[in-house]
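The values are calculated or read from the model by the stated rules, or taken from the named source; none is laboratory data. Not measured: the values here are computed from a predicted model. Here the Cβ positions follow ideal geometry from the backbone for every residue, glycine too, while neighbour counts run over all protein chains shown.
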Amino acid sequence: MDRRKFIQSSLLSAAGLAFAPELLAQDVQPGVILPGAIPTDGKAGAVSTGVEDHLKVSSYVKEPAHKIPVVASLDVVVVGGGAAGVAAAVCAARGGSSVLLIEKTNFLGGLWTGGLVLPVLATHGLGKKESWDKAVKGICAEVCGTLLDKGWAVNPLNPRVDPEATKYLLDKMIYEAGVKVLYNTTAAGVTMSGNRIDAVLADCNTGRIAIKCQMVIDASGDGLVFNWTGDPYEARRYHMTIVGRVGGCPAGREVVPEVRLESSGNHDAMDGLDVFQVSEKQQLGRLALWDKVQELKKKEGFENAFLMEVAPTTGVRVTRVLDSLHNVTLEESMEWTAYPDVIGMSGVCDPFMYKGRRITRQERPVWQIPYRSLIPRQTRNLLVAGRCFGYDQGITWDAREISTCMVTGQAAGVAASLAVNSRCAAKDVNIEQLQHSLREAGVRLDF
């Protein structure tokens, strides 16, 4: 696709993207998880074994063996400082564990703050007793409640936040919980003894370092850790949106006066693990966003509009998804399935297609998330939180939302701390104790 066609197809407003699930989910066959599969159109897949399935590889080089210094030893290492990673780190620390959070940027929040994906969606849905039932509580409600009380968010139902205020609040929570953070540091691999992770490797401006730990939480969004451990997963394709904030506008829905969001993107199913393709789309998306703002300036009332910020964090919103001990299916989420190991709940984001019929937001039930969906099949001291826990394609839109990420992050953090205290594998954590701790923290578990 040439630049002109791309830009023409990219000029979609943030509101226009709200109905993307209808485009993406209508041909999905839920419940099929193939280790390493790459669905090309939602119907078929091919086995993925590594980089070769995403990039053209011409040859190989060998990296010289070298010693990597161990610079810290902690109970829990969390990879990724997005919504899931912050929730996991804070809750693990509140459970009494020493925690290190590794974040590749210089701020927290991931796509929520850095990607300007500001609304907190999928918090409500159809309840058994209420027509519009609040499913997501716990640390997500704690964060959103603070933002709303401080005037740093609008719309209590689906809070739309100020990204800078949210970065501040997440930093404050991490600091007060006693979590150590490595910013501008990229997780680069793991060392293992059998089916246990001994240390997480990371690259920073000092060089490559190693951090030893008892438990690891993969909140990277891209399943980096379970890819390194060799646990089975599914590599999926999804669309990408580039968002910007435009100043000098009439008052709108944002927290900051005279600022509105604009976006560019497309509904093409993109391989988010093809760094060349993603980089090109990001570049073209920024060009399209600039051009869109120039057109906006021609409208009455928008003469003073200017592009004040392009989201510093962009990318395809779903890449690797864990093939967990139990992958949540769309059917289960639609049929009030109750799990004995439930660790949280989620709601609905937008309408989608199910069994040939359009399901409205009012018809979509709230749904439970089992602890097993956070547990990989092989690695004993690894938990997965955020958009890459185990679920089928049919619930992608709800499962990758900020609220759901915080639900899985909180559960992973609490479970990791319990595993450290009990000196057991992630899968052997006492479920009753885990659920008791989550309830004590305000998490909703029951329909």
Would you mind stating whether Cys405 is under 14 Å from the mean Cα position of the chain (by Cα), outside any helix (DSSP H, G or I) and assigned by TED's automatic domain parsing to the domain that holds Gln435? no
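Give the residue that is farthest from Val79 (Cα to Cα), with candidates limited to residues of the range 130-143 that are surrounded by fewer than 24 Cβ atoms within 10 Å (Cβ to Cβ) and in contact (Cβ under 8 Å) with a residue 24 or more places away in the chain.
Pass one, the range 130-143, residues surrounded by fewer than 24 Cβ atoms within 10 Å (Cβ to Cβ): 130-134, 137, 141-142.
Right, trim to in contact (Cβ under 8 Å) with a residue 24 or more places away in the chain and you get 131-134, 137, 141-142.
Numbers: Ser131: 37, Trp132: 34, Asp133: 32, Lys134: 29, Lys137: 23, Ala141: 23, Glu142: 22 Å.
If we take residues in the range 130-143 being surrounded by fewer than 24 Cβ atoms within 10 Å (Cβ to Cβ) and in contact (Cβ under 8 Å) with a residue 24 or more places away in the chain, then Ser131 is farthest from Val79 (Cα to Cα).
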Kindly indicate whether any position in the range 359-372 is touching a Leu at 6+ places or on another chain (Cβ under 7 Å) and among the polar types (S, T, N, Q). yes
Residue that is surrounded by the most Cβ atoms within 10 Å (Cβ to Cβ) [pool: residues in the range 373-407 that are within 14 Å of His326 (Cα to Cα) and among the β-branched types (Val, Ile, Thr)]: Val384
Any residue at all in the range 225-239 that is at pLDDT below 95, of a type in the set (D, E, K, R) and in a strand (DSSP E or B)? yes
Look at the range 421-447 and say how many of its residues are touching a residue at least 24 places away in the same chain (Cβ under 8 Å), closer than 16 Å to Leu374 by Cβ and in a helix (DSSP H, G or I). 7
Looking at the structure I just gave you, is Ile369 part of a helix (DSSP H, G or I) and either on the phi < 0 side of the Ramachandran plot or under 18 Å from the mean Cα position of the chain (by Cα) (or both)? no
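Determine whether Leu322 is in contact with a Cys (Cβ under 7 Å, 6 or more places away or on another chain) and either acidic (Asp, Glu) or closer than 28 Å to Cys405 by Cα (or both).
Working: in contact with a Cys (Cβ under 7 Å, 6 or more places away or on another chain): yes; either acidic (Asp, Glu) or closer than 28 Å to Cys405 by Cα (or both): yes.
The answer is yes for Leu322.
Under 14 Å from the mean Cα position of the chain (by Cα), within 18 Å of Arg387 (Cβ to Cβ), buried (at least 24 other Cβ atoms within 10 Å of the Cβ) and not aliphatic (A, V, I, L, M), is that true of Gly81? Working first, answer last.
Details: under 14 Å from the mean Cα position of the chain (by Cα): yes; within 18 Å of Arg387 (Cβ to Cβ): yes; buried (at least 24 other Cβ atoms within 10 Å of the Cβ): yes; not aliphatic (A, V, I, L, M): yes.
Considered against the rule, which asks whether it is under 14 Å from the mean Cα position of the chain (by Cα), within 18 Å of Arg387 (Cβ to Cβ), buried (at least 24 other Cβ atoms within 10 Å of the Cβ) and not aliphatic (A, V, I, L, M), Gly81 comes out as yes.
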Output the residues belonging to the range 104-152 that are assigned to a helix (DSSP H, G or I) and not hydroxyl-bearing (Ser, Thr, Tyr). Gly138, Ile139, Cys140, Ala141, Glu142, Val143, Cys144, Gly145, Leu147, Leu148, Asp149
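Residue by residue, here is whether (1) surrounded by 23 or more Cβ atoms within 10 Å (Cβ to Cβ); (2) under 23 Å from Ala199 (Cβ atoms); (3) at pLDDT 95 or above; (4) in the same structural domain as Val243 (by TED's automatic domain parsing) holds:
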residue: Ala88; (1), (2), (3), (4): yes, yes, yes, no
residue: Ser98; (1), (2), (3), (4): no, yes, yes, no
residue: Ile102; (1), (2), (3), (4): yes, yes, yes, no
residue: Trp112; (1), (2), (3), (4): yes, no, yes, no
residue: Val120; (1), (2), (3), (4): yes, no, yes, no
It is to be established whether one or more residues within the range 250-258 are crowded, with 17+ Cβ neighbours inside 10 Å and without any contact (Cβ under 8 Å) to a residue 60 or more places away in the chain. no
For the range 325-365, what are the residues that are farther than 26 Å from Gly442 by Cα and of a type in the set (S, T, N, Q)? Thr360
For the range 331-374, enumerate the residues that are modelled with pLDDT under 95 and among the hydroxyl-bearing types (Ser, Thr, Tyr). Tyr354, Thr360
Verdict on Asp446 being modelled with pLDDT under 95, out of contact with any Lys or Arg (no Cβ under 8 Å at 6 or more places or on another chain), of a type in the set (D, E, K, R) and under 30 Å from Arg160 (Cα atoms): no
